[in-house]
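One structure is given here, and the rest of the page talks about it.
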Amino acid sequence: MHARREQIFNLPIVTKALIGALAATQLIVAYGPVEFSNWLLATFAFIPARVTLEGGAEYATMLTYFFLHGDWTHLIVNALALAAFGTPVERRFGSARYLLFLAASAFAGALLFLALHPYEIAPVVGASGAISGTMGAIVRFAFTPGARLADKRRNPRTPYDEESHSTSLSQLHLNRQAMFFLLAWLAVNVLLGVFPQAVGVSSAIAWEAHVGGFLFGLLFFSFFDRAGRHALSSQ
(Lines give C-alpha, C1' and ligand atoms only; values in the text may rest on other atoms or scores of the structure.)
Protein backbone atom coordinates (compact mmCIF):
# COMPACT_ATOMS: atom_id res chain seq x y z
CA MET A 1 0.00 0.00 0.00
CA HIS A 2 1.18 3.50 -0.79
CA ALA A 3 0.42 6.46 1.40
CA ARG A 4 -1.58 9.14 -0.35
CA ARG A 5 0.67 12.03 -1.34
CA GLU A 6 -0.80 15.49 -0.86
CA GLN A 7 0.26 18.32 -3.14
CA ILE A 8 2.57 20.81 -1.48
CA PHE A 9 0.74 23.74 -3.04
CA ASN A 10 -2.84 22.51 -2.95
CA LEU A 11 -4.32 25.80 -4.16
CA PRO A 12 -7.45 26.20 -6.31
CA ILE A 13 -6.94 27.15 -9.93
CA VAL A 14 -7.73 30.89 -9.91
CA THR A 15 -5.68 31.62 -6.79
CA LYS A 16 -2.76 29.65 -8.20
CA ALA A 17 -3.02 31.36 -11.60
CA LEU A 18 -3.20 34.82 -10.05
CA ILE A 19 -0.13 34.23 -7.90
CA GLY A 20 1.70 33.12 -11.03
CA ALA A 21 0.53 36.24 -12.89
CA LEU A 22 1.64 38.49 -10.03
CA ALA A 23 5.07 36.87 -9.97
CA ALA A 24 5.43 37.10 -13.75
CA THR A 25 4.49 40.78 -13.72
CA GLN A 26 7.00 41.51 -10.97
CA LEU A 27 9.72 39.71 -12.94
CA ILE A 28 9.03 41.95 -15.93
CA VAL A 29 8.95 45.12 -13.82
CA ALA A 30 12.10 44.21 -11.88
CA TYR A 31 14.26 42.75 -14.62
CA GLY A 32 12.76 43.86 -17.91
CA PRO A 33 13.85 46.88 -19.96
CA VAL A 34 13.61 50.02 -17.86
CA GLU A 35 11.54 51.85 -20.46
CA PHE A 36 9.00 49.03 -20.62
CA SER A 37 8.84 48.72 -16.83
CA ASN A 38 8.22 52.45 -16.50
CA TRP A 39 5.51 52.24 -19.17
CA LEU A 40 3.77 49.42 -17.28
CA LEU A 41 3.77 51.41 -14.06
CA ALA A 42 2.68 54.63 -15.74
CA THR A 43 -0.11 52.92 -17.68
CA PHE A 44 -1.54 50.40 -15.22
CA ALA A 45 -0.89 51.82 -11.73
CA PHE A 46 -3.82 53.57 -10.06
CA ILE A 47 -3.15 57.31 -9.81
CA PRO A 48 -6.15 59.00 -8.16
CA ALA A 49 -5.51 62.47 -9.58
CA ARG A 50 -5.42 61.08 -13.09
CA VAL A 51 -8.75 59.30 -12.58
CA THR A 52 -10.33 62.43 -11.10
CA LEU A 53 -9.11 64.79 -13.80
CA GLU A 54 -9.19 62.57 -16.88
CA GLY A 55 -11.71 59.79 -16.12
CA GLY A 56 -12.55 57.58 -19.09
CA ALA A 57 -10.09 54.74 -19.57
CA GLU A 58 -8.29 55.73 -16.36
CA TYR A 59 -11.02 53.97 -14.38
CA ALA A 60 -9.56 50.68 -15.66
CA THR A 61 -6.48 51.32 -13.53
CA MET A 62 -8.72 50.81 -10.48
CA LEU A 63 -8.51 47.14 -11.46
CA THR A 64 -5.10 46.80 -13.13
CA TYR A 65 -3.19 48.14 -10.11
CA PHE A 66 -3.86 44.71 -8.58
CA PHE A 67 -1.07 43.15 -10.68
CA LEU A 68 1.70 45.63 -9.84
CA HIS A 69 3.83 45.65 -6.68
CA GLY A 70 6.44 47.96 -5.24
CA ASP A 71 9.09 45.28 -4.67
CA TRP A 72 9.55 41.56 -4.08
CA THR A 73 8.75 41.80 -0.38
CA HIS A 74 5.45 43.48 -1.19
CA LEU A 75 4.68 40.74 -3.71
CA ILE A 76 5.63 37.84 -1.44
CA VAL A 77 3.53 39.13 1.46
CA ASN A 78 0.52 39.57 -0.82
CA ALA A 79 1.03 36.21 -2.51
CA LEU A 80 1.09 34.42 0.84
CA ALA A 81 -1.99 36.33 2.00
CA LEU A 82 -3.83 35.52 -1.25
CA ALA A 83 -2.98 31.84 -0.84
CA ALA A 84 -4.13 31.80 2.79
CA PHE A 85 -7.31 33.85 2.54
CA GLY A 86 -8.22 33.49 -1.11
CA THR A 87 -8.19 29.70 -1.11
CA PRO A 88 -11.19 29.13 1.20
CA VAL A 89 -13.12 31.92 -0.50
CA GLU A 90 -12.52 30.49 -3.98
CA ARG A 91 -13.54 27.03 -2.83
CA ARG A 92 -16.76 28.43 -1.41
CA PHE A 93 -17.69 30.83 -4.23
CA GLY A 94 -16.45 28.81 -7.17
CA SER A 95 -13.80 30.04 -9.60
CA ALA A 96 -15.91 32.39 -11.74
CA ARG A 97 -17.63 34.19 -8.86
CA TYR A 98 -14.38 34.36 -6.96
CA LEU A 99 -12.64 36.09 -9.85
CA LEU A 100 -15.47 38.63 -10.12
CA PHE A 101 -15.38 39.08 -6.35
CA LEU A 102 -11.65 39.88 -6.37
CA ALA A 103 -12.11 42.39 -9.19
CA ALA A 104 -14.98 44.08 -7.35
CA SER A 105 -13.00 44.16 -4.09
CA ALA A 106 -9.99 45.71 -5.83
CA PHE A 107 -12.25 48.33 -7.40
CA ALA A 108 -13.96 49.04 -4.07
CA GLY A 109 -10.59 49.51 -2.39
CA ALA A 110 -9.48 51.94 -5.09
CA LEU A 111 -12.83 53.72 -4.92
CA LEU A 112 -12.54 54.46 -1.21
CA PHE A 113 -8.96 55.64 -1.67
CA LEU A 114 -10.11 57.87 -4.53
CA ALA A 115 -12.92 59.32 -2.41
CA LEU A 116 -10.50 60.24 0.37
CA HIS A 117 -7.57 61.33 -1.83
CA PRO A 118 -9.02 62.49 -5.18
CA TYR A 119 -5.94 64.50 -6.16
CA GLU A 120 -3.20 62.17 -4.94
CA ILE A 121 -0.46 61.88 -7.56
CA ALA A 122 1.49 58.98 -6.03
CA PRO A 123 0.69 55.68 -7.79
CA VAL A 124 -1.17 52.99 -5.83
CA VAL A 125 -0.16 49.39 -6.57
CA GLY A 126 -0.72 45.96 -5.05
CA ALA A 127 -3.28 43.21 -4.55
CA SER A 128 -3.97 44.14 -0.93
CA GLY A 129 -7.36 45.74 -1.60
CA ALA A 130 -8.69 42.60 -3.26
CA ILE A 131 -7.09 40.35 -0.62
CA SER A 132 -8.73 42.44 2.08
CA GLY A 133 -12.02 41.63 0.38
CA THR A 134 -11.39 37.93 0.97
CA MET A 135 -10.73 38.69 4.63
CA GLY A 136 -14.05 40.51 4.86
CA ALA A 137 -15.80 37.52 3.27
CA ILE A 138 -14.11 35.15 5.70
CA VAL A 139 -15.66 37.04 8.61
CA ARG A 140 -19.07 36.02 7.27
CA PHE A 141 -18.49 32.28 7.07
CA ALA A 142 -15.18 30.91 8.38
CA PHE A 143 -16.13 31.33 12.04
CA THR A 144 -19.66 29.99 11.59
CA PRO A 145 -20.18 26.47 12.98
CA GLY A 146 -20.62 24.02 10.14
CA ALA A 147 -18.64 26.07 7.61
CA ARG A 148 -15.09 25.50 6.38
CA LEU A 149 -12.46 26.73 8.83
CA ALA A 150 -15.10 26.92 11.56
CA ASP A 151 -15.02 25.24 14.91
CA LYS A 152 -17.21 22.13 14.78
CA ARG A 153 -18.79 22.85 18.14
CA ARG A 154 -21.93 24.88 17.61
CA ASN A 155 -22.62 27.86 19.81
CA PRO A 156 -26.42 27.96 20.20
CA ARG A 157 -26.30 31.75 20.55
CA THR A 158 -24.81 32.18 17.05
CA PRO A 159 -27.62 32.00 14.47
CA TYR A 160 -26.75 31.02 10.93
CA ASP A 161 -28.42 29.68 7.83
CA GLU A 162 -28.52 25.87 8.06
CA GLU A 163 -27.85 25.42 4.34
CA SER A 164 -25.32 28.13 3.60
CA HIS A 165 -23.51 28.00 6.97
CA SER A 166 -22.84 31.72 7.07
CA THR A 167 -23.58 34.40 9.62
CA SER A 168 -25.91 37.21 8.55
CA LEU A 169 -24.88 40.81 9.06
CA SER A 170 -27.69 41.31 11.56
CA GLN A 171 -26.43 38.43 13.69
CA LEU A 172 -22.71 38.98 13.24
CA HIS A 173 -22.32 40.65 16.61
CA LEU A 174 -23.26 37.36 18.29
CA ASN A 175 -20.30 35.55 16.75
CA ARG A 176 -17.43 36.35 19.08
CA GLN A 177 -14.67 34.86 16.93
CA ALA A 178 -15.83 36.75 13.85
CA MET A 179 -16.12 40.02 15.76
CA PHE A 180 -12.66 39.57 17.26
CA PHE A 181 -11.17 39.02 13.81
CA LEU A 182 -13.07 42.00 12.38
CA LEU A 183 -12.09 44.42 15.17
CA ALA A 184 -8.47 43.23 15.24
CA TRP A 185 -8.20 43.65 11.48
CA LEU A 186 -9.62 47.18 11.61
CA ALA A 187 -7.35 48.11 14.53
CA VAL A 188 -4.23 46.95 12.68
CA ASN A 189 -5.18 48.95 9.60
CA VAL A 190 -5.93 52.07 11.64
CA LEU A 191 -2.45 51.72 13.15
CA LEU A 192 -0.99 51.37 9.66
CA GLY A 193 -2.69 54.57 8.63
CA VAL A 194 -2.28 56.74 11.71
CA PHE A 195 0.95 55.47 13.29
CA PRO A 196 2.87 53.66 10.52
CA GLN A 197 6.29 54.18 12.14
CA ALA A 198 5.04 52.69 15.41
CA VAL A 199 4.38 49.34 13.73
CA GLY A 200 7.52 49.50 11.58
CA VAL A 201 5.99 49.98 8.13
CA SER A 202 6.23 52.57 5.42
CA SER A 203 3.81 55.47 5.46
CA ALA A 204 3.18 54.71 1.76
CA ILE A 205 0.81 51.83 2.59
CA ALA A 206 -2.63 52.55 1.12
CA TRP A 207 -4.58 51.36 4.15
CA GLU A 208 -7.71 53.09 2.84
CA ALA A 209 -7.78 50.64 -0.06
CA HIS A 210 -7.52 47.80 2.44
CA VAL A 211 -10.55 49.09 4.32
CA GLY A 212 -12.53 49.59 1.11
CA GLY A 213 -11.88 46.04 -0.05
CA PHE A 214 -12.59 44.58 3.39
CA LEU A 215 -15.92 46.38 3.73
CA PHE A 216 -16.95 45.23 0.27
CA GLY A 217 -16.22 41.61 1.12
CA LEU A 218 -18.03 41.89 4.43
CA LEU A 219 -21.14 43.62 3.08
CA PHE A 220 -21.52 41.90 -0.30
CA PHE A 221 -20.51 38.38 0.68
CA SER A 222 -24.02 36.97 0.20
CA PHE A 223 -24.25 38.28 -3.37
CA PHE A 224 -21.32 36.09 -4.45
CA ASP A 225 -21.87 33.16 -2.11
CA ARG A 226 -22.84 30.09 -4.13
CA ALA A 227 -24.24 28.22 -1.11
CA GLY A 228 -26.18 31.25 0.10
CA ARG A 229 -27.65 31.94 -3.35
CA HIS A 230 -28.69 28.28 -3.64
CA ALA A 231 -30.42 28.48 -0.26
CA LEU A 232 -32.32 31.63 -1.33
CA SER A 233 -33.40 30.17 -4.67
CA SER A 234 -34.73 27.01 -3.02
CA GLN A 235 -37.01 28.91 -0.65
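The values are calculated or read from the model by the stated rules, or taken from the named source; none is laboratory data. Everything numeric in this text was worked out from a predicted model, so none of it was measured. Neighbour counts run over all protein chains shown; Cβ positions are idealised from the backbone, glycine included. Note: areas computed on protein heavy atoms with side chains; ligands, DNA, RNA excluded. Shrake-Rupley method; radii C 1.70, N 1.55, O 1.52, S 1.80 Å.
Identify all residues within segment 72-113 that are open to solvent by 60 Å² or more (accessible area, probe 1.4 Å), in contact (Cβ under 8 Å) with a residue 24 or more places away in the chain and under 23 Å from V29 (Cα atoms); write none if there are none. Those that are open to solvent by 60 Å² or more (accessible area, probe 1.4 Å), in contact (Cβ under 8 Å) with a residue 24 or more places away in the chain and under 23 Å from V29 (Cα atoms): W72, F107. Checking each residue in segment 162-180 for being among the hydrophobic types (A, V, I, L, M, F, W, C), open to solvent by 20 Å² or more (accessible area, probe 1.4 Å) and either closer than 16 Å to F216 by Cα or assigned to a loop (DSSP other than H, G, I, E, B) (or both) picks out only L169.
Here A23 fulfils each of the conditions (1) within 24 Å of F220 (Cβ to Cβ); (2) at pLDDT 95 or above apart from (1). Filter segment 59-71 for residues that are at pLDDT 95 or above and surrounded by fewer than 20 Cβ atoms within 10 Å (Cβ to Cβ); which is nearest to F101 (Cα to Cα)? Among those that are at pLDDT 95 or above and surrounded by fewer than 20 Cβ atoms within 10 Å (Cβ to Cβ), it is L63. Just one of the listed residues (G109, G86) is at pLDDT 95 or above, touching a His at 6+ places or on another chain (Cβ under 7 Å) and not polar (S, T, N, Q), namely G109. Please give the number of the condition S37 fails out of (1) open to solvent by 40 Å² or more (accessible area, probe 1.4 Å); (2) modelled with pLDDT under 95; (3) within 26 Å of the chain's Cα centre (by Cα). The single condition S37 does not satisfy is (1). The single condition among (1) at pLDDT below 95; (2) over 17 Å from W207 (Cα atoms); (3) open to solvent by 60 Å² or more (accessible area, probe 1.4 Å) that G146 does not meet is (3). Could you check, for segment 42-62, whether at least one of its residues is closer than 20 Å to A17 by Cβ and within 15 Å of the chain's Cα centre (by Cα)? No, segment 42-62 contains no residue that is closer than 20 Å to A17 by Cβ and within 15 Å of the chain's Cα centre (by Cα).
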